[in-house]
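One structure is given below, encoded as structure tokens.
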Amino acid sequence: TVGYYSTIGEQSLAPPTQRGYGAGQVTGPIAMLILMAARWQLSQEQLGTLLGLDSNEMHVVPLLLDGKIGLHGKDRQARIRHLLAIYGLLQSVFRDVNVGYAWLTEKKRVLGGDSPLERLMKGELEDILIVNRLAQTLAGQ
């Protein structure tokens, strides 16, 4: 079962209230991103891809998860907003985390044979928007 205590690489994904953050403060959106990453079984690199980080920027993911840095910029804020919208929509449709994850990893004809997660991993904001629209349709919105 995917749950609160998964890991991203070496990084613990326990809920923010149960993690030691040192000097950093984890914001609400980042705390939700941590939970989403745990439930979607994402690695640090995959999370970085979703956030639009280049390969030479992946070193910031642990700092972000520890609340030592924030993500700034309209593109990254839009990515987080849409990713959390997808996460919330899937939670509302699939009460069981495992069923939601199965939907996320299941190939879809409408995505050209990709799964929603594969489409998200292409790393483009447009792909996140496409999956968000698909999740909205699934949720009847």
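The values are calculated or read from the model by the stated rules, or taken from the named source; none is laboratory data. Model, not experiment: these values are computed from the prediction. Here Cβ is always computed from backbone atoms with ideal geometry, including for glycine, and neighbour counts include all displayed protein chains. Accessible surface areas use protein heavy atoms only, side chains included; no ligands, DNA or RNA. Shrake-Rupley method; radii C 1.70, N 1.55, O 1.52, S 1.80 Å.
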Worksheet item: In region 74-141, which trypsin sites (Lys or Arg not before Pro) fall in coil by DSSP and have 14 or fewer other Cβ atoms within 10 Å?
Response: Arg95, Lys107, Lys122
Worksheet item: Projected onto the charge dipole of region 73-126 (+1 at Lys/Arg Cβ, -1 at Asp/Glu Cβ, origin at the Cα centre), which of Asn98, Val110, Ala85 gives the Cα projection farthest towards the positive end?
Response: Ala85
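May I ask you to give the solvent-accessible area per residue for region 25-141, in square angstrom, as obtained with a 1.4 angstrom probe? Intermediate values should be presented prior to the final figure.
Values: 5870 Å² over 117 residues.
Using a 1.4 Å probe on heavy atoms only, each residue of region 25-141 averages 50 Å².
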Fill in: Calculated FRET value between Ser92 and Ala31, using beta carbons and R₀ = 22 Å, to 0.05
0.70
Worksheet item: Mind checking which lysines have their C-alpha under 26 Å from Lys107, skipping anything on the same chain fewer than 8 residues away?
Response: Lys122
Response to the item:
With +1 at each Lys and Arg Cβ and -1 at each Asp and Glu Cβ, the charge dipole magnitude of region 21-141 around its Cα centre, to the nearest 20 debye, comes out at 340
Practice prompt. Could you rank Ser55, Ser92 by how accessible they are, 1.4 Å probe, largest area first?
Written response: Ser55, Ser92
